[in-house]
Amino acid sequence: MSVPQSGGGLITSKSDLIASLAEGSKPQSEWRIGTEHEKFGYDLKTLATLPYEGRPGVRAMLEGLQRFGWEPVMEGPHIIGLKQDGAAISLEPGGQLELSGAPLKSLHETCAETNLHLDQVKEVATEIGAGYIGLGYHPTVRLEDVPIMPKGRYGIMRRYMPRVGGLGHEMMFRTCTIQVNLDFSSEADMVKKFRVGLALQPIATAIFAASPFREGRPNGFLSYRAHVWTDVDNARSGMLPWVFEDGMSFERYVDYALDVPMYFIYRDGKYHDVAGKSFRDFLDHKLEGFEKVDPTLADWADHLTTIFPEVRLKKFLEMRGADGGLWQRICALPALWTGIYYDQASLDAAWDMVKDWTAEERSALREAVPKLGLKTPFRNTNVQALARHMLMISKAGLRTRARMDAIGGTEEGFIEPLFQIVEGNKTRAEDLLERYHGPWKGDVTKLFEEFSY
C-alpha cells in the first residue's frame with residue numbers, strides 16, 4: 001500500500017480525471033517495468049511478528065536501511081517508509097515491508113534492484129535480530145497478535161473493513177504479494193491488456209500459490225491469500241466484468257472509481273476519515289464536512305491506491321494476483337507479464353486464448369483456484385494446461401524482446417522457475433504441505449529455517 005501521493009493541481013471536472021489516466025499512455029520505447037513485493041518480518045529468536053518499536057522492530061529496520069542512501073518518509077514523528085531514485089519502501093498494516101521498485105527498462109534491471117534490496121534487508125535484519133520470508137499468508141501468527149503500525153490510513157481501514165467484508169483484517173495484517181506495473185501505448189492498448197490481465201490473473205494465482213498454512217496448520221487452500229480477497233470489499237475488488245463490455249475506456253474506469261467508497265482525505269499531514277463516502281460527492285463539493293475543500297489530483301491518486309481489483313489501472317496497469325514467494329520467483333512474476341504485454345504477437349495470442357471466456361467462467365476460476373491450484377478444471381482441460389500455454393506465450397514474447405544483460409543472458413531465464421512448477425504440476429504450496437506432513441512432522445516453524453531470504 002502507498003504513502004501519501006503528491007503533485008497535480010485542482011480538479012475542475014471529470015475530464016481532468018480521465019486525462020490523468022490517459023497521460024499514462026506512452027510509446028513502446030518508453031515502456032518500463034516496476035516490480036513490487038511484500039515480505040513478512042519476524043524475530044529470529046521467537047518467530048513473533050516484528051513490532052514497530054524495539055529491537056528487532058520495524059522502525060529499527062527502516063532506520064538501518066537509510067545507510068544505503070534511502071531517505072525517510074515521515075508521518076508525524078514516525079518513519080513509515082523510504083524513498084530513493086524512483087523506488088520506495090513502504091510499511092504495510094501488519095508490519096510487512098514492501099519494495100515498490102523504480103520503473104526500469106528490462107527484467108535484468110528490475111531483478112538486480114530486487115537482489116540489491118534483499119541483500120540490504122538481510123544485512124540490517126541480521127544486525128537487529130530479525131528475519132524476512134516471502135509467502136502469501138503468514139503461516140503462524142494469530143490476528144490478535146499482529147502489532148498495529150502507526151499509519152493513519154490503516155486505522156481508518158481497520159475500522160471500516162468489518163463493515164464491508166469478513167476477511168478485510170486478514171488481508172491487511174496477514175497477507176503478502178508480488179506485483180508488477182506495466183505500461184500501455186493508448187486507450188485501446190490499455191483495454192486489451194486490462195482484459196487479458198483480468199482473464200489470466202487466476203492462472204498466475206495458481207502458478208504462484210504459496211499460502212497453505214494458517215496459525216500453524218494447513219488451512220485447506222493452496223493460496224489462502226487469494227481466498228481472502230474474495231471477501232474483503234467487493235465494491236473495490238474482484239474481476240470487474242464490465243471491463244469486457246463494449247465501451248470500456250479511461251472514462252469508464254473513472255466512473256467506476258468515482259463510486260468506489262473512499263477511505264480518507266489527506267490534509268495538513270493528517271488522514272481524515274470519510275470511509276464509505278463517494279469521491280463523486282467530493283468532486284461535486286457535496287461531501288459532508290468537506291463541502292468547501294477543493295479536491296486535487298493528489299486526492300485522486302490517493303483514492304486510486306485504495307481500489308484493489310485483480311488488475312488495477314493508474315497511469316499503468318498493475319498485476320495483483322500472485323502470492324509472495326521465494327527470492328527467484330519475485331523476478332519471475334514481472335517476467336511472466338512482461339513477455340505477454342510487451343510483445344504485440346504475444347498479447348494477441350493471449351487475447352485469442354481468453355477472448356471467448358465468459359464472465360461466469362472467469363469468476364469461477366477465481367473462486368476455485370485458491371483451493372485447487374493447477375488442478376482446477378476448466379472446460380475440457382485444466383489450469384495446468386492453461387498455465388503451460390500462458391508461459392509459452394510469455395516466453396515467446398521475451399525471446400522477441402531480446403533484451404540481454406552484460407554477459408549475454410536473456411530475459412527468458414527469469415520464467416524458468418515457473419515452467420518447473422507447471423511441468424511438475426506441483427505448486428510451492430503443495431511442496432510445503434508435503435514437507436509439513438513428511439520431514440517437518442507437523443512443525444510449520446521449520447518453514448522459517450529453510451525458506452527465509
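Every number here is computed from the coordinates shown, using simple stated rules; none is lab data. Treat the numbers as computed from the prediction; the structure is a model and nothing was measured. Glycine gets a Cβ as well: all are built from the backbone with ideal geometry, and neighbour counts include every protein chain shown.
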- Listed with the fewest Cβ neighbours within 10 Å leading, Y436, Y341, Y453 appear as Y453, Y436, Y341
- Measuring from label point to label point, each 7 Å out along Cα→Cβ, what is the S363 to H272 span in nm? 3.7 nm
- Item | Centroid-to-centroid separation of the range 10-76 and the range 140-211 [C-alpha atoms, Å] | 14 Å
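Let's test the formula: R0 of 35 Å, r as the Cβ-Cβ distance of E450 and M74. What FRET efficiency results, to the nearest 0.05?
In this case the efficiency is close to 0.40.
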- Average Cα contact separation per residue, the range 38-112, under 8 Å, 6 or more apart, as relative contact order %: 24 percent
- Per-residue HN-Hα couplings for the range 268-274, Karplus 6.51 cos²θ - 1.76 cosθ + 1.60 at θ = phi - 60°, whole Hz, x for Gly and Pro? 6, x, 9, 8, 9, 6, 10
- Query: What's the local net charge at E310, with K and R +1, D and E -1, over the other residues with C-beta under 10 Å away?
  - Reply: +3
- Unpartnered cysteines - no second Cys beta carbon under 4.7 Å - across the chain: C176
- Gap in Å between the Cα centre of the range 403-434 and the Cα centre of the range 246-308? 40 Å
- For the R67, L44 Cβ pair and Förster radius 22 Å, calculated FRET efficiency rounded to 0.05 is 0.60
- Item | Virtual spin-label span in nm between W242 and Q344, 7 Å along Cα→Cβ | 3.1 nm
- Message: Test of understanding: extend the Cα→C-beta vector of L10 to 7 Å, then name every residue of the range 233-258 with backbone N under 20 Å from that spot.
- Response: none
- Summed over the other residues with a beta carbon less than 12 angstrom from that of K105, with K and R at +1 and D and E at -1, the charge totals -3
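How much net charge surrounds T427 when only the other residues with a Cβ under 15 Å from the Cβ of T427 are counted, with Lys and Arg +1 and Asp and Glu -1?
+3
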- Query: When the Kirkwood hydrodynamic radius is evaluated over all pairs of different C-alpha atoms of the range 14-451, what value in angstrom, to one decimal, is obtained?
  - Reply: 22.2 Å
- Query: Once label points are set 7 Å from the Cα along Cα→Cβ at both E127 and R403, what is their separation, rounded to one decimal in nm?
  - Reply: 3.2 nm
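Could you tell me the calculated FRET efficiency between R158 and E30, based on Cβ-Cβ distance and R0 = 51 angstrom, to the nearest 0.05?
The formula returns an efficiency of 0.85 here.
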- Message: Quick check on the exposure proxy: order F208, F451 from fewest to most C-beta atoms within 10 angstrom.
- Response: F451, F208
- If you take the square roots of the eigenvalues of the alpha-carbon gyration tensor of the range 295-372 and sort them as a ≥ b ≥ c, do you get rounded (a/c under 1.5), prolate (a/b over b/c) or oblate? rounded
- Message: Using Cβ counts within 10 Å as a stand-in for footprinting exposure, how do M404, M239 rank, fewest first?
- Response: M404, M239
- Projected onto the charge dipole of the chain (+1 at Lys/Arg Cβ, -1 at Asp/Glu Cβ, origin at the Cα centre), which of T140, I11, P241 gives the Cα projection farthest towards the positive end? T140
- Note on the structure: Membrane-span-like helices (DSSP H runs, Cα span along own axis at least 18 Å, mean Kyte-Doolittle at least 0.5) in the chain -> 187-207, 327-341
- Item | Long-range amide H partners of V141 with built H, under 5 Å | E215
